1. In region 310-361, how many residues are within 20 Å of ALA164 (Cα to Cα), in contact (Cβ under 8 Å) with a residue 40 or more places away in the chain and among the polar types (S, T, N, Q)?
2. Keeping to region 4-34, report how many residues are without any contact (Cβ under 8 Å) to a residue 60 or more places away in the chain and aliphatic (A, V, I, L, M).
3. So how many residues does region 193-235 have that are assigned to a loop (DSSP other than H, G, I, E, B), of a type in the set (D, E, K, R) and farther than 19 Å from PHE346 by Cβ?
4. Would you confirm, using the coordinates I've provided, whether VAL293 is over 16 Å from ALA325 (Cβ atoms) and out of contact with any Cys (no Cβ under 9 Å at 6 or more places or on another chain)?
5. Residues in region 1-32 that are among the polar types (S, T, N, Q) and assigned to a loop (DSSP other than H, G, I, E, B): how many?
6. Go through region 303-351 and give me each residue that's more than 17 Å from PHE273 (Cα to Cα) and surrounded by fewer than 16 Cβ atoms within 10 Å (Cβ to Cβ).
7. Name the one entry in ILE110, ILE26 that is crowded, with 19+ Cβ neighbours inside 10 Å and β-branched (Val, Ile, Thr).
8. Residue under question is ILE312, and the condition is that it be in a helix (DSSP H, G or I) and either among the small types (Gly, Ala, Ser) or closer than 24 Å to GLU201 by Cα (or both); does it hold?
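The values are calculated or read from the model by the stated rules, or taken from the named source; none is laboratory data. Every value quoted in this text rests on a predicted model; they were computed, and no experiment measured them. Glycine gets a Cβ as well: all are built from the backbone with ideal geometry, and neighbour counts include every protein chain shown.
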Amino acid sequence: MKKALIHDWYYVNGGAEKVIHSFNTIWKDFEHYALVDFLNESDREYILNGANVNTSFIQKLPTSKSNHRKFLQLFPYAIEQFNLHDYDLVLSSSSSIAKGVMTNQNQLHICYCHSPMRYAWDLYHQYLEESNFGFLSGIYAKRVLHKIRMWDVINTNRVDIFIANSNYIKGRIKKVYNRNAKVIYPPVDVVNFELVEQKEEYYFTASRMVPYKKIELIVRAFNNMPNKKLVVAGDGPEYKNIKAIAKSNIELVGFLEAKELKIYLSKAKAFVFAAEEDFGIIPVEAQACGTPVIAYNKGGTRETVIDKETGILFSHQNEKSLIDAISDFEKLNFDPLLIRKNAMRFSKERFEKEMHDFVTEEYNRFKAN
């Protein structure tokens with residue numbers, strides 16, 4: 001079986017790239033494709049076992065390394081230029097464009113969908129507001145996104161089987177594409193997070209500081225609880241604004257390396273998470289440390305956090321709802337061993353077995369027909 005693995009793009013080592021790492025653990029002989037590849041060597045070794053990636057013409061465009069997304073209008077054309085007709089199996093890892101690769105009836109195309117294209121669908125209005133386009137550039141952006149949406153729906157016929165990374169994303173795939181999907185939760189390296197039963201007196205949150213992560217909301221809530229300490233990790237466009245509003249009970253520690261992040265996660269009284277995420281890896285990592293999670297009750301976290309057993313789920317993305325959740329949290333006792341046991345459901349080993357078995361079964365069925 002000759003196999004191709006196509007990912008949207010390679011430029012950071014994020015959650016989607018951890019999925020790619022597991023794909024390359026399961027199958028060692030993929031040929032790799034992506035719109036662009038700007039990984040450093042250490043990330044390349046981890047994610048791709050050092051393999052090279054076949055990239056599109058966007059790789060060579062001026063400023064693509066600093067901002068490849070500015071070429072959004074070219075993405076559909078670029079992805080369709082990959083000639084994959086020699087492969088028996090095409091596995092796409094897509095939250096944007098990869099699933100649009102062209103295949104034929106003699107090939108099985110399985111898409112592991114992290115999400116339908118967020119900025120074209122559910123985050124469309126938020127994306128336009130936060131981009132601060134002028135009048136003419138705003139009209140152009142809306143036109144581009146309109147055409148992208150049409151292309152995005154049409155190319156769902158190129159996918160034979162969808163796999164969703166959560167039931168939440170399964171629902172969005174059904175809503176946007178009218179396609180059913182198999183759910184296989186993404187891999188979380190839970191065994192590398194140490195259980196710590198004795199917690200310290202601080203709450204913790206960590207994220208890239210962009211609007212939809214809602215770090216500002218968390219900080220404003222703790223501004224109203226001066227007797228509770230909050231530690232905030234991460235950087236990004238909103239860092240200066242958040243630092244400016246944070247009161248003395250809030251400590252911003254910036255970007256943390258993995259080793260430091262684990263220490264903060266493991267010793268925290270609770271991990272606070274206010275974003276609506278497709279799955280959300282870091283709340284699972286927190287639970288692997290025996291740390292309860294206070295999370296927004298929407299998206300993937302409602303599938304990974306058990307309310308009043310491994311954390312508290314709050315219903316509204318506002319300060320009052322979060323403050324009430326923290327008040328409820330402090331009235332309850334949580335068992336770190338039970339919390340860690342819940343996290344083990346999302347292990348890397350479980351993901352790799354489920355993916356291997358599902359893809360093998362579907363490929364054998366495909367070849368038999």
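1. Result for region 310-361: 1.
2. Of the residues in region 4-34, 1 are without any contact (Cβ under 8 Å) to a residue 60 or more places away in the chain and aliphatic (A, V, I, L, M).
3. 9
4. No; evaluated as a whole, the condition is false for this residue.
5. Qualifying residue count for the region: 1.
6. LYS331, LEU332, ASN333, ASP335, LEU337, LEU338, LYS341, MET344, ARG345, GLU349
7. Unique residue meeting the criteria: ILE110.
8. Considered against the rule, which asks whether it is in a helix (DSSP H, G or I) and either among the small types (Gly, Ala, Ser) or closer than 24 Å to GLU201 by Cα (or both), ILE312 comes out as no.
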